[in-house]
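Input: a single structure, listed below in structure tokens.
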Amino acid sequence: MDNWFNEVFPSFDSLNPEFRPGNRIIDCFFKDWIQQLDDIAIKSSNSPSTVLMVTDTSVKNNITSSIAHIYVYNKLIVKMLHQAINVTSTEVEFFAIRCSINQALHLQNISKIIVITDSIHMAKKIFNTSSHPLQKQVALILNNLRDFFNKCHENMIKFWKCPSKCKWNLHKHIDIESKSFNLTPLFPNKNSWDFSKKSECNNKILEPTYSKDGTWLQYIGHSNTLCARATRAITNHALISEYHLHFFPREEFSCLCGLYPIETRHYILHECRRFNEYWNPRRDLVAYFVLFLELNPNVFAFLSCIT
């Protein structure tokens, strides 16, 4: 029997570390785990063919935020932030992992993917063959991973758990960032109202109005098709994934160009390579916005209307 404490103390400190061996075991576990994560980060930073992805999610004011940082060769090359309302934290956690993998698979000369997340239980669902609500998203991930593995039999993907309590440096950074936003829900009508306040060439703001045939018809009223597509863009009520996922969150919602996880209005207008026939740096001018629609007749159009 250990007689270490066989002496009389003037007082008893129940919080003394000596009386909490369980905490010391946990501390040792976290230290060993952090060391393993550090070793992984160091090895990946020395390999240009390895992608290191760190993901995290948080919920604040009923708004869920997902953040993912993607590192290659010790450089942060992709930083993703997505926020949504009316979704569960479970869906957001899986969404963050899915977006990260999707981005990594489009990088060149990558043979190893490492995903570090505090939601390892969601990562396990990717390889869970039983029935669960995320099966369709799982099928899409596995389809992409199959192509990745078929390129080379040495290609691999690994998942590592990083609890927030570990306070590992890379994960701690995005954990703080995910909780730093002070947001209030913005519904589509508010975003569309702000988007519709474009300028004329004389920098006069075009406030949406119904008086005197409105302020937009002089630019788009000459064509029913153009008017319809412009209206869809202004209201964000279009056949794009950003709108579709509000009703079918388990469907595929990545951009058809394959380079962005969500097909959003902003991405279509500013970056998507499918619609790059014309775009002017003065994106706030309605004339250039209409010209973009005219030179890209398929954008914001129904498939049946595309000829």
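The values are calculated or read from the model by the stated rules, or taken from the named source; none is laboratory data. The structure presented is a predicted model; accordingly, all values stated were derived computationally and were not measured. Cβ coordinates were reconstructed from backbone atoms using ideal geometry, including for glycine residues, and neighbour counts include every protein chain displayed.
For F149, the conditions (1) more than 22 Å from L245 (Cβ to Cβ); (2) in contact with a Gly (Cβ under 8 Å, 6 or more places away or on another chain) all hold with the exception of (2). In this structure, is A41 in a helix (DSSP H, G or I), in contact with a helix residue (DSSP H, G or I) (Cβ under 7 Å, 6 or more places away or on another chain) and at pLDDT 90 or above? When the stated conditions are applied, A41 passes them.
A238 meets all of the listed conditions (1) modelled with pLDDT of 65 or more; (2) touching an Asp or Glu at 6+ places or on another chain (Cβ under 9 Å); (3) surrounded by 15 or more Cβ atoms within 10 Å (Cβ to Cβ) but one, namely (2).
Conditions (1) touching a Leu at 6+ places or on another chain (Cβ under 9 Å); (2) modelled with pLDDT of 75 or more; (3) outside the structural domain of H171 (by TED's automatic domain parsing); (4) not in a loop (DSSP other than H, G, I, E, B), marked per residue:
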| site | (1), (2), (3), (4) |
| --- | --- |
| F12 | no, no, yes, no |
| I26 | no, no, no, yes |
| K31 | no, yes, no, yes |
| L37 | yes, yes, no, yes |
| P48 | no, yes, no, no |
| T64 | no, yes, no, yes |
| Q83 | yes, yes, no, yes |
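Filtering the range 102-113 down to residues that are of a type in the set (A, V, I, L, M) and assigned to a loop (DSSP other than H, G, I, E, B), which residue is nearest to I77 (Cα to Cα)? Within the range 102-113, the match that is nearest to I77 (Cα to Cα) is L107.
Going through (1) outside any helix (DSSP H, G or I); (2) modelled with pLDDT of 85 or more; (3) over 30 Å from P133 (Cα atoms) one by one, E7 falls short only on (2). Within the range 44-66, the set of residues being surrounded by fewer than 23 Cβ atoms within 10 Å (Cβ to Cβ), in contact with a helix residue (DSSP H, G or I) (Cβ under 9 Å, 6 or more places away or on another chain) and among the hydrophobic types (A, V, I, L, M, F, W, C) comprises V59 only. Please go through (1) surrounded by 20 or more Cβ atoms within 10 Å (Cβ to Cβ); (2) under 30 Å from D38 (Cβ atoms) for Q137 and return the number of the only condition it doesn't satisfy. So Q137 meets the others, but not (2). Of the residues screened, K125 is not one that is out of contact with any helix residue (DSSP H, G or I) (no Cβ under 8 Å at 6 or more places or on another chain), at negative phi and of a type in the set (D, E, K, R).
Residues in the range 71-97 that are closer than 24 Å to K43 by Cα and of a type in the set (A, V, I, L, M): V72, L76, I77, V78, M80, A96, I97.
Here is a yes/no grid of residues against (1) at pLDDT 90 or above; (2) hydrophobic (A, V, I, L, M, F, W, C); (3) surrounded by fewer than 17 Cβ atoms within 10 Å (Cβ to Cβ); (4) in a strand (DSSP E or B):
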{"residue": "Y71", "(1), (2), (3), (4)": "yes, no, no, yes"}
{"residue": "K79", "(1), (2), (3), (4)": "no, no, yes, yes"}
{"residue": "E93", "(1), (2), (3), (4)": "no, no, no, no"}
{"residue": "S100", "(1), (2), (3), (4)": "no, no, no, no"}
{"residue": "V115", "(1), (2), (3), (4)": "yes, yes, no, yes"}
{"residue": "K125", "(1), (2), (3), (4)": "no, no, no, no"}
{"residue": "S130", "(1), (2), (3), (4)": "no, no, yes, no"}
